[in-house]
Amino acid sequence: MTELTNNNQENNDISNSFSLIRQDNGVAHLVMDVAGEAMNTLKAEFAEQISQVLAEIKNDTSIKGLVLLSGKKDSFVAGADINMIASCQSAQEATALSRQGQMIFDQLESLTIPVVAAINGPCLGGGLELALACHIRVCSDNAKTALGVPEVQLGLLPGSGGTQRLPKLVGIQKALDMMLTGKQLRAKQALKAGLVDDVVPNSILITTAEKLALSGKKGAKQVKRSMMDKLLEDNSIGRGIVFKQAAKTVLSKTKGNYPAPLKIIECVKAGIEKAPAIGYQTEADYFGELAMTEVSKQLRKLFFATTEMKKEHGVIGVAPEKVSKVGVLGGGLMGGGIAFVTATKAKLPVRMKDINHKGISHALKYGYDILSKKVKRRFMRHSEMQQQLAMVTGSTEYTGFENLDIVVEAVFEDLSLKQKMVADVEQHCKETTIFASNTSSLPIGQIAEKAQRPENVIGLHYFSPVDKMPLAEIIAHETTSDQTISTTVAFAKKQGKTPIVVKDKAGFYVNRILAPYMNEAARLLLANEPVDVLDKALVKFGFPVGPMQLLDEVGIDIGAKISPILSAELGKRFDAPDAFDKLIGDGRLGKKASKGFYVYGAAAKKKKTVDESVYKLLNLEPKTRLAQSEIINRCVYLMLNEAAQCLDEGIIRNARDGDIGAIFGIGFPPFTGGPFSYIDSIGADKLVAQLNQWASVHGDHFKPCNALVEMAEKGLRYY
């Protein structure tokens, strides 16, 4: 940045990561640039260095104002180094870490000169807490600028004063919303919320910050609040309502499985209702407690695992080819979703083909509906929306397919149709064009068996809705080339997905472990357990939706198609209970047909209501007979058993991929760490004993796989 290269500037290097640079106008720049890292993160060892530089600033009367900025391009401070927490051996150590952060930021806040945070790029977690300790905040309108406190996603809370400063700045309700969800605000949203005082182009960010630092003002701009906000937040009765409603909402969403959100509410409450000092002490104490919980440990392990995966290629030592142009075959929800994430996340042009213009229109509408909401919420400009929509074009012919690098097929689950698509792509595209099938059940080897260039054929299985679900399964058949695998993995990452490479066998990984879980839920239903009782039990365990609702969402007819494929290739344990024919015969295809296990359409109320007529159709007399814990375990333990068998067969590469695949693909409860982490927490011996007991009562589908039996006998663990 040119502001840092003035020949008349005096440059005092505080360390490799911090520089204090005095300007001729009386402003000093405190530049954070952590050596050897792509992004700035706060580390415990910086405490002494920062204290020294703050003492120097305090004692230098020539400094009239201070601008805090980053030396990294397009990045302010991404947060605190999570390894600090992992290294803590006790709650007391973690509490001390929190107190240290609080004290450093207190020193910054207590400076008598104006301190301005100049924010460009991500300003998250400890980074935002650092900015909150400054007197004024100004940020760039860079699309990469985002402000938030996502600690709750790691089972933690903002531990360096964030729970105390944020509510005072943006109000209790907005602060709770940010801290309890981990949501990030873009520049204009941050300005509207009162989180920053100004938003300017990055080219004048430092100049603007210097002017603010020389203005002599130390307080943030007061944001206009609604009458309702004042009524709720400016008196103890109103605040009591806010805190009570926040706790109620948290419990309805988390089912008590995550302790951090309630602790966050208590911290805010302590600081406002008791005293600031009590609020800060409560924050530090609760931070220490949460750092030692199993929930936080599992969520942090998940964070490290996904970070590690971002650095990996599909095949070790094989670099991906560059993908510049993409094709999508088939409109509809999946095709539209794939085109959308390719254009908006990967920033690549997409050429679509469908048998009619209606399909293309549906696909284009998919992207339009999402982007127009962002424009209405001022999340993006209308011109940006137009640019992104223009990235997707369509045709009923193969015009424009000549130079595509990869074509993603999203047509019906019909083998002969998919084989025809392979032949068409080989005829109309380059010899090197990759054919990626978004099949959910058909073996990729069968799709490729008539191909002229089978080495270019691969599976790329997305999950619905494509714009929200983070997982992609990459399925290589026996002759898929290593180059094709690495290129497809890199392409999925560009789309914002977390890809796992899986073996080409029926159901792949995610649908294969899901099937026994769904089948057991269906068996329990046919044993007269009520639909809502089953769903509530599994949601209480931590799944986003229960199995019956999931079947409605996916489509009962889809479940009916997948089940025979799995049974034929994997054995009788995948046989589904005999209910699909009756449901489909009655037109019960689920949500898409407005008829399934639940009521849809005009008859549906805000609360999800079971369609009681389904019981009569299946000749059932619903009555709760089993304990909630048995319902949960019978369904979940079958999923765990199948996951262990998948790893044993090499369907997935390792337990880490299996955990991430289940969490990101089907919403396996993140606080458990995933199926393999959960097996470790139960103990293979206890899991095997329970499965054997159920096998003797309910049938061989409960029989534990050999891998689990061996683990139980040898006392082994996955981690």
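Here, each number is a calculation from the coordinates, and none is a lab measurement. Not measured: the values here are computed from a predicted model. For neighbour counting, all protein chains shown are included, and Cβ atoms are generated from backbone atoms with ideal geometry for every residue, glycine included.
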log10 I(q)/I(0), Debye, Cα-only region 627-667, no solvent, q = 0.16, 0.24, 0.26, 0.30 Å⁻¹?
-0.45, -0.81, -0.88, -1.00
The answer for the per residue Cα convex hull volume of region 649-712, in Å³, is 100
What full-extension length gain, to one decimal in nm, is calculated for T399 and K582 as 0.36 nm per residue of separation minus the Cα-Cα distance?
61.5 nm
If the limit is 29 Å between Cα atoms, which of K168/K540; K468/K591; K174/K310 go over it?
K168/K540; K174/K310
Could I have the simple spin-label model distance between K686 and L251, label points 7 Å from Cα toward Cβ, reported in nm to one decimal?
2.6
Going through the cross-link list K358/K418; K73/K353; K183/K217; K450/K572; K183/K211, which pairs have a Cα-Cα distance over 28 Å in this structure?
K73/K353; K183/K217; K450/K572; K183/K211
Out of all DSSP beta bridges in region 326-503, what portion is antiparallel? Express it as a percent rounded to 5.
15
Out of Q483, V545, L514 - ranked by how far each Cα lies towards the positive end of the dipole of the chain, with unit charges on the beta-carbon of charged residues - the top one is V545
Listed with the fewest Cβ neighbours within 10 Å leading, R717, R186 appear as R717, R186
Find out how many positive minus negative residues lie around K353, taking Lys and Arg as positive, Asp and Glu as negative, among other residues whose Cβ is under 12 Å from that of K353.
-3
Any chance you could run the full-extension gain for A38 through S203? It's 0.36 nm times the residue separation minus the Cα-Cα distance, nm to one decimal.
57.3 nm
Phi angles of region 347-352, converted by Karplus (6.51 cos²θ - 1.76 cosθ + 1.60, θ = phi - 60°) into ³J(HN,Hα) in whole Hz with x for Gly and Pro, give 6, 10, x, 10, 10, 9
Given the pairs K192/K493; K244/K376; K144/K224; K144/K188, which are separated by over 21 angstrom at their Cα positions?
K192/K493; K244/K376; K144/K224
Using θ = phi - 60° and the Karplus curve 6.51 cos²θ - 1.76 cosθ + 1.60, what whole-Hz ³J(HN,Hα) does each residue of region 396-408 get, with Gly and Pro shown as x?
8, 10, 8, 5, x, 9, 4, 10, 6, 8, 8, 10, 9
To one decimal place, what Kirkwood hydrodynamic radius in Å is obtained for region 510-714 from all pairs of distinct Cα atoms?
17.5
Mind giving me the nanometre distance, one decimal, between the label points for R377 and A319, set 7 Å out from Cα along Cα→Cβ?
3.9
Over the chain, relative contact order from alpha-carbon pairs under 8 Å, at least 6 apart, %:
8
Ordering 674-681, 529-536 by per-residue average of other C-beta atoms within 10 angstrom, highest first, gives 674-681, 529-536
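For region 510-714, what's the relative contact order in percent, using C-alpha pairs closer than 8 Å and at least 6 residues apart?
Once normalised by length, the contact order is 23 percent.
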For region 308-314, take each phi angle, set θ = phi - 60°, evaluate the Karplus expression 6.51 cos²θ - 1.76 cosθ + 1.60, and give the result in whole Hz per residue in order, putting x for glycine and proline.
5, 5, 4, 8, 8, 8, x
Residues with beta-carbon under 10 Å from that of V149, excluding V149: net charge, scoring Lys, Arg +1 and Asp, Glu -1?
-1
Counting Lys and Arg as +1 and Asp and Glu as -1 over every other residue whose Cβ sits under 13 Å from the Cβ of A246, the net charge comes to +4
Please work out whether region 286-378 counts as rounded, prolate or oblate from its C-alpha gyration tensor, where a ≥ b ≥ c are the square roots of the eigenvalues and a/c under 1.5 means rounded, while otherwise a/b larger than b/c means prolate and anything else oblate?
oblate
Which FRET efficiency value, to the nearest 0.05, is calculated for L417 and D24 with the Förster distance at 60 angstrom and r the Cβ-Cβ distance?
0.25
Can you order the peptides 398-407, 412-421 by their average number of other Cβ atoms within 10 Å per residue, highest first?
398-407, 412-421
Region 326-503: spread of alpha-carbon positions along the three principal axes, whole Å, largest first, is 48, 32, 26
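If you take every DSSP beta bridge whose two residues both sit in the chain, what share of them, in percent to the nearest 5, is antiparallel? Kindly include the intermediate steps, with their values, before the conclusion.
Working: 21 of 68 bridges.
Antiparallel bridges make up about 30 percent of those DSSP assigns within the chain.
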